[in-house]
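Report on the following structure.
The values are calculated or read from the model by the stated rules, or taken from the named source; none is laboratory data. Because the structure is predicted, anything quoted here is derived from the model rather than measured. Quick reminder, even Gly has a Cβ in these numbers, built from the backbone with ideal geometry, and neighbours come from all protein chains shown. These accessible areas exclude ligands, DNA and RNA; they are computed on the full protein's heavy atoms, side chains included. Shrake-Rupley method; radii C 1.70, N 1.55, O 1.52, S 1.80 Å.
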Amino acid sequence: MSAKRLRVAILISGRGSNMRALVEAARAEDFPAEIILVLSNVPAAEGLAFAKDQGIATAVVDHRTFADRERFERDMQATLQKHGAELVCLAGFMRLLTPWFVEQWRDRMLNIHPALLPSYRGLHTHERALAEGVKIHGATVHFVAPAMDAGPIVAQAAAPVLDGDTPETLAARVLKLEHQIYPLALKLVAGGLARVEGARVRIASEQAAPAGLVWPQA
Ligand code: GRF
């Protein structure tokens, strides 16, 4: 593949299954991004082992070793720059980011959230969706704005909430969709097909009409 691939760093704090989905998608020759770094704020994050096995550079920036959030973020920023990252994907990264850090990556940082934003920002989305009795739940990939779980939406996928669901069964159903839409969103963004226009993301490609519960269509 001759076209230049966008250099992507993935930030994780734990299991890293979304990171894995991105790494696996980026193996395709025509994928417009390459994963050049997996960075964790948690030294014991499970996902680090997978990244190492794949021969991907890894870094740990342990927030507990810094006096304040700003110093932690400046160290992360230096690490990202050292590796030449051009885009950041948050994938289960469990630290709130300051406006300063978000501004460094304006229109160049994606996040995945396990709910159909703007519903259920924050934690425990599946428990809350069940408690409120919604019939449709899902996941969202969005550009990161300073407010928590906010910013222009790139892709969403919806899942039914079934009568017998527990937070765990619902989470598992949504997670499968997360693993579909995060690679899709990264492909669109890295390929220059998804552009931020104000509060919205315009998808600049001829897409089939939405036939299912995932949009945009792959
Ligand atoms: C995912 O549900 C993601 O949407 C949320 O945290 C979880 C991380 O899971 N932000 P994993 O580490 O990607 O497996």
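Tabulated data
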quantity: Given (1) under 17 Å from the mean Cα position of the chain (by Cα); (2) assigned to a strand (DSSP E or B), number of the condition Leu117 does not satisfy; calculated: (2)
quantity: Test: residue in segment 136-152 that is modelled with pLDDT under 95, of a type outside the set (S, T, N, Q), within 10 Å of the ligand (Cβ to nearest atom) and out of contact with any helix residue (DSSP H, G or I) (no Cβ under 6 Å at 6 or more places or on another chain); calculated: yes
quantity: Matching residues, segment 17-44, being open to solvent by 60 Å² or more (accessible area, probe 1.4 Å) and more than 15 Å from the ligand (Cβ to nearest atom); calculated: Arg27, Glu29, Asp30, Glu34, Pro43
quantity: Failed condition for Leu6, given (1) within 16 Å of Leu186 (Cβ to Cβ); (2) open to solvent by 10 Å² or more (accessible area, probe 1.4 Å); (3) within 15 Å of the ligand (Cβ to nearest atom); calculated: (3)
quantity: Number of positions in segment 152-193 that are in a loop (DSSP other than H, G, I, E, B) and open to solvent by 30 Å² or more (accessible area, probe 1.4 Å); calculated: 6
quantity: Test result for Ala25, touching a residue at least 12 places away in the same chain (Cβ under 8 Å) and out of contact with any strand residue (DSSP E or B) (no Cβ under 6 Å at 6 or more places or on another chain); calculated: yes
quantity: Answer from Gly47, Gly14 - the residue that is under 25 Å from Gln180 (Cβ atoms), out of contact with any strand residue (DSSP E or B) (no Cβ under 6 Å at 6 or more places or on another chain) and within 16 Å of the ligand (Cβ to nearest atom); calculated: Gly14
quantity: Residue within segment 188-204 that is within 14 Å of the ligand (Cβ to nearest atom) and at pLDDT 95 or above present; calculated: no
